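J.: The structure that follows is given in the form of structure tokens.
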Amino acid sequence: MTKMRTVWMPRLLGLLCTLGVIALMEVSNRITLRVPISVLYVTILYAGFIGGFVGGMMSAALGVTYAAYFFSTGHVFHFEGDGGTRFYGFAITAPAMVLLLGYLRNKTNRLSQQLMRMELDRSASEIERATRMFEASEQQYRKLADAMPLLLWRTNELGVNDYCNAQWFRYTGLTQEQSFRSDVWLSVMHPDDQLSCAEHWRGSYVRGEIFEMECRYRAADGSYRWHLARVVPMHDASGQVIRWLGTAADIDDQKRTQAELRHSKETAEAADRAKDQFLAVLSHELRTPLTPVLASVTSLKKEKDLSPDVRQTIEMMHRNIELEARLIDDMLDLTRIARGKLPLEMEVTDVHALVRHVIDICGEDIVRQQMHLRVDLQAGEHHVNGDPARLQQVLWNLIKNAVKYTDVGGELRIASRNAGEVLEMSVTDNGIGIDAETLPRIFFAFEQGEHSGSRRFGGLGLGLTISKSLIDKHGGSLRASSDGRGKGSTFTVELKTVPAPAAAITAPTIDSIDPVQRKLKILMVEDHIDTSRALQRLLSGLGYEVWSASTVESAIEEAKARPFDLLISDIGLPDGSGLDLIRRLLAERPIKGIALSGYGMEEDILRSKEAGFEEHLTKPINLQKLEATIQRVAESAK
């Protein structure tokens, strides 16, 4: 049946085509439409093409038979004129054409078969080579996977393992049969991680997303180690997940290191907090006894009938108390600087005014040292954007150091000039100087050059460190220069200038305060008896009406008994705190308050202001600063 379809059907089709053309030619000839015999040539060729040699010869025989009739004169093989020649030409040519076509077709078929065999051979060779390359690649992949220090596995689309590398088997101690079970993960994962891992994996599996999680895998010895597991989906051409490829990197050492670092950090932070707390308590305990002494000495200095010896002694006491307070402030400032929490209250400040004020403060020391002071303030632009109290602290440190490190009768020059938009302030002395080895370290904490200098001149060596940090926070620079030992030194401050304000506001002095302002009624709350008495005597001497209390409850009773204009309160009280007191008083009516405390860290100041105090002053209290603060707070209440 197959042969009939593939062999005889094309031959019969060619024969039918030939018969059809003969019939067409015969009909045409009968109606005088002469069809050329060449049409029969084409038909025979077509029959030979589709029916092969046999089909072509069958069509050629049929065509020759018809030609005998076509070229005759009514009787077969009875020709007239060139009819016989044309018939014999057709009878020879038609079979010859079929023979030639068959020959060409056979040649073509053989050539096609040769080309097909060559192509098949080449394809087979390429397939074999590709197979070898794939097998080699697969082998390399497996060797690479086995050499990795990672746990590596591959799963089918359902998430069941069908491959694990050698490291997996070494680490888990499982066999291949055990590793290819669907519940293998429950057997190797820490019980505490199983629930969260299962929930995470379920979400990744449903969405076809990457899975990543830190979890603990059990080793062959029963111990657990932290791993970072990561599973990536593999998709087919249609985007469907067909496999999952997973890895797990051992991060146990990293986790332990992180835990140790975290513990070390927490320990260091706790130690730092303990240190800050210790400094705060130490500061409070040192400042508290200084406050009544400083207040009493300040009050005694105002007495007119003191003998020269007594006055000199009182001034000596005053200087040393202020020096002690400055040392405490320096320790706290250094802590603030180290923590990056040194607050600045920026405003337009006249540096020349600060210089004159510091010269007044240091005037007694300059006179006592019999120094030749030269002030050469030539800068036309001398206003900067800065914290006036901190800038004054810097200038005080520089001038105080110049006085301290210069012999009696020495020279001190304070000068200013402008360099473009920069103000340069310099303090120059002809004192002990700075050697070349010490100069690069002069702004380091506790650095005073040789230890002999430290013993001779005293101090902690913090002033210059704090001064440079303060100037740096102002966006300026502080530098030191010296030609060497015994040749003096120069400290230069550089700050960017700003336009001067329309009307400069100067800090009031005690003598400039309105006498009417001194009639303020002040409620002072202080549980330290000596401090309370000294401050009450000092403020009363300045013209204020002052009454005192020592506890929160007694202060509340005093506030109810008689009205007052201003509250000055210590923070630490026996039955509460000054913060509790001002909150309770503010709940009754608006009041203004000034906090006094031996605690002066920035968080202490912030807590005071949040509770309702207008100002927070740190003990020991400077009389001029206290008086100026009282006036400022009282003015704001109008």
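The values are calculated or read from the model by the stated rules, or taken from the named source; none is laboratory data. Remember, predicted model here, so these are calculated numbers, not experimental data. Virtual Cβ from ideal backbone geometry, glycine too; neighbours counted across all protein chains shown. The protein model used for the area step is the full one, side chains on, heavy atoms only, and it has no ligands, DNA or RNA in it. Shrake-Rupley method; radii C 1.70, N 1.55, O 1.52, S 1.80 Å.
J.: Looking at the range 366-380, I want the residues that are under 10 Å from G409 (Cα atoms) and open to solvent by less than 70 Å² (accessible area, probe 1.4 Å) and have a partner that is of a type in the set (F, W, Y) and in a strand (DSSP E or B) with Cβ atoms under 8 Å, at least 6 apart or on another chain. Which pairs are those?
T.: Short answer, once both residue conditions are applied: none.
J.: Which of the residues that make up the range 190-225 are basic (K, R) and open to solvent by 80 Å² or more (accessible area, probe 1.4 Å)?
T.: Once the filter is applied, which keeps residues that are basic (K, R) and open to solvent by 80 Å² or more (accessible area, probe 1.4 Å), the range 190-225 yields R202, R207.
J.: How many residues does the range 547-571 hold that are in a strand (DSSP E or B) and either of a type in the set (F, W, Y) or surrounded by fewer than 16 Cβ atoms within 10 Å (Cβ to Cβ) (or both)?
T.: The first filter runs over the range 547-571 and keeps only residues in a strand (DSSP E or B), leaving 547-549, 566-570.
Within this subset, residues satisfying the condition of being either of a type in the set (F, W, Y) or surrounded by fewer than 16 Cβ atoms within 10 Å (Cβ to Cβ) (or both) are 547.
Counting residues in the range 547-571 that are in a strand (DSSP E or B) and either of a type in the set (F, W, Y) or surrounded by fewer than 16 Cβ atoms within 10 Å (Cβ to Cβ) (or both) gives 1.
Quick grid of which residues meet (1) at pLDDT below 90; (2) in a strand (DSSP E or B); (3) open to solvent by 20 Å² or more (accessible area, probe 1.4 Å):
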{"residue": "I471", "(1), (2), (3)": "no, no, no"}
{"residue": "G475", "(1), (2), (3)": "no, no, yes"}
{"residue": "L478", "(1), (2), (3)": "no, yes, no"}
{"residue": "G484", "(1), (2), (3)": "yes, no, no"}
{"residue": "E494", "(1), (2), (3)": "no, yes, yes"}
{"residue": "P499", "(1), (2), (3)": "no, no, yes"}
{"residue": "A502", "(1), (2), (3)": "yes, no, yes"}
{"residue": "T506", "(1), (2), (3)": "yes, no, yes"}
{"residue": "V516", "(1), (2), (3)": "yes, no, yes"}
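J.: While we're looking at this one, here's another question. Determine the pairs where a residue that is of a type in the set (K, R), located within the range 461-479, has a partner that is surrounded by fewer than 21 Cβ atoms within 10 Å (Cβ to Cβ) and at pLDDT 90 or above with Cβ atoms under 7 Å apart, the partner being 6 or more residues away or on another chain.
T.: Filtered contacts from the range 461-479: R479/T492.
J.: Of the conditions (1) surrounded by 14 or more Cβ atoms within 10 Å (Cβ to Cβ); (2) at pLDDT 90 or above; (3) out of contact with any helix residue (DSSP H, G or I) (no Cβ under 8 Å at 6 or more places or on another chain); (4) not polar (S, T, N, Q), L439 clears all except one; give me its number.
T.: Of the numbered conditions (1) surrounded by 14 or more Cβ atoms within 10 Å (Cβ to Cβ); (2) at pLDDT 90 or above; (3) out of contact with any helix residue (DSSP H, G or I) (no Cβ under 8 Å at 6 or more places or on another chain); (4) not polar (S, T, N, Q), the odd one out for L439 is (2).
J.: Which residue pairs have Cβ atoms closer than 7 Å, lie 6 or more positions apart in sequence or on different chains, and pair a first residue in the range 609-620 that is farther than 14 Å from L567 by Cα with a second residue that is open to solvent by 20 Å² or more (accessible area, probe 1.4 Å)?
T.: K619/L290; P620/L290
J.: Anything in the range 226-235 that is surrounded by fewer than 17 Cβ atoms within 10 Å (Cβ to Cβ) and either in contact with a Phe, Trp or Tyr (Cβ under 6 Å, 6 or more places away or on another chain) or within 17 Å of L151 (Cα to Cα) (or both)? List them, or say none.
T.: Hits for the range 226-235 are L228, R230, V232.
J.: On to the next question. Yes or no: the range 578-597 includes at least one residue that is open to solvent by less than 40 Å² (accessible area, probe 1.4 Å), at pLDDT 90 or above, among the hydroxyl-bearing types (S, T, Y) and not in a helix (DSSP H, G or I).
T.: The answer is no; no qualifying residue exists.
J.: I've got another one for you. Just to verify a result, which residue in the range 522-531, among those that are part of a helix (DSSP H, G or I) and in contact with a helix residue (DSSP H, G or I) (Cβ under 8 Å, 6 or more places away or on another chain), is nearest to L566 (Cα to Cα)?
T.: Within the range 522-531, the subset part of a helix (DSSP H, G or I) is 529-531.
Retained after the next criterion (residues that are in contact with a helix residue (DSSP H, G or I) (Cβ under 8 Å, 6 or more places away or on another chain)): 530-531.
On the way: D530: 21, T531: 18 Å.
The residue in question is T531.
J.: Answer with yes or no whether G89 is modelled with pLDDT under 70, open to solvent by less than 50 Å² (accessible area, probe 1.4 Å) and over 30 Å from Q240 (Cβ atoms).
T.: Here the answer is no, as G89 does not meet what is asked.
J.: Looking at (1) touching a residue at least 40 places away in the same chain (Cβ under 8 Å); (2) in contact with a Cys (Cβ under 6 Å, 6 or more places away or on another chain), can you tell me which one G246 breaks?
T.: Of the numbered conditions (1) touching a residue at least 40 places away in the same chain (Cβ under 8 Å); (2) in contact with a Cys (Cβ under 6 Å, 6 or more places away or on another chain), the odd one out for G246 is (2).
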